[in-house]
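Note sheet for the following structure.
The values are calculated or read from the model by the stated rules, or taken from the named source; none is laboratory data. Note that the structure is a prediction, hence the values are computed from the model and not measured. Because the Cβ atoms are built from the backbone with ideal geometry, glycine has one as well, and the counts that use them run over all protein chains shown. Note: accessible area is taken over every heavy atom of the protein model, side chains too, but ligands, DNA and RNA are not part of it. Shrake-Rupley method; radii C 1.70, N 1.55, O 1.52, S 1.80 Å.
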Amino acid sequence: SHVSSPIFVGPLSDDRLSSAIKEPASRLGVAFEPGLVRRLVDDMAGSRAALPLLQFVLQQLWEDQREGFLTHRAYDETGGPAHALAVRADAMLAGFTDVEVRIARLILLRLVETGEGTALRTRAARLEDVTSSLDMSVFKRDDVGHVLEVLLAERLLATREVDKTVEI
């Protein structure tokens with residue numbers, strides 16, 4: 001039987017997150033320096049976006065592996081999950097026109113809100129609400145569509161088909 005609707009996975013336990021980090025590398029014959037998996041798990045703990053963040057970070061570690069090892073040095077050079085994501089976002093934005101950058105900024109701003117003090121947190125919003133908040137007398141529908149496609153393809157946004165929401 002096949003699944004006709006998406007299955008949503010909540011935050012992973014430390015053990016499952018550790019397995020998600022170690023097992024693919026092990027299958028490819030690559031190992032982690034001692035303590036690196038623990039650092040990764042600790043840095044991702046409780047994040048709703050742990051798996052996409054890990055994808056960014058592990059890709060960097062993979063590219064910088066030394067003699068079959070993923071290293072603390074390479075991890076330090078990524079600046080951690082948030083920095084790795086910021087670098088990826090900056091690279092994506094560099095490929096946008098000025099208008100597309102404005103669209104991306106407005107979309108992303110609709111998906112964050114202030115928490116306690118000056119803390120920001122992400123929030124899910126209906127895709128329709130996000131796009132309808134854009135002034136379509138200023139922006140072309142094709143430009144908005146292109147920006148959304150790139151944000152989704154680069155995994156800077158995630159969608160949930162079940163309720164038609166999007167989130168960072």
Dipole magnitude of segment 60-101, debye to nearest 20 (Cβ charges: Lys/Arg +1, Asp/Glu -1, about Cα centre)
140
Could you give the dipole magnitude of segment 35-168 about its Cα centre, charging the beta-carbon of Lys and Arg +1 and that of Asp and Glu -1, in debye to the nearest 20?
260
Spin-label pair Glu154/His72, simplified geometry with 7 Å Cα→Cβ offset, distance in nm
3.2
Whole-Å semi-axes of the ellipsoid equivalent to segment 37-161 (Cα gyration tensor, √5λ, descending):
31, 17, 12
Total charge dipole magnitude, segment 17-61, about the Cα centre, Cβ charges on Lys, Arg, Asp, Glu only, Debye to nearest 20:
80
At a 1.4 Å probe, what is the % contribution of carbon and sulfur to the accessible area of the chain?
52
Two pseudo-spin positions, 7 Å from Cα along C-beta at His146 and at Ser13, lie apart in nanometres by 4.7
Counting only heavy atoms of the protein chains, get the accessible area per residue of the chain (1.4 Å probe) and round it to a whole Å² value.
63
Helix runs (DSSP H) in the chain reaching 27 Å along axis by Cα, Kyte-Doolittle at least 0.0:
none
Rank Leu70, Leu40, Ser26 by how far each Cα sits towards the positive end of the charge dipole of segment 23-74 (+1 on Lys, Arg Cβ; -1 on Asp, Glu Cβ) and give me just the farthest.
Leu40
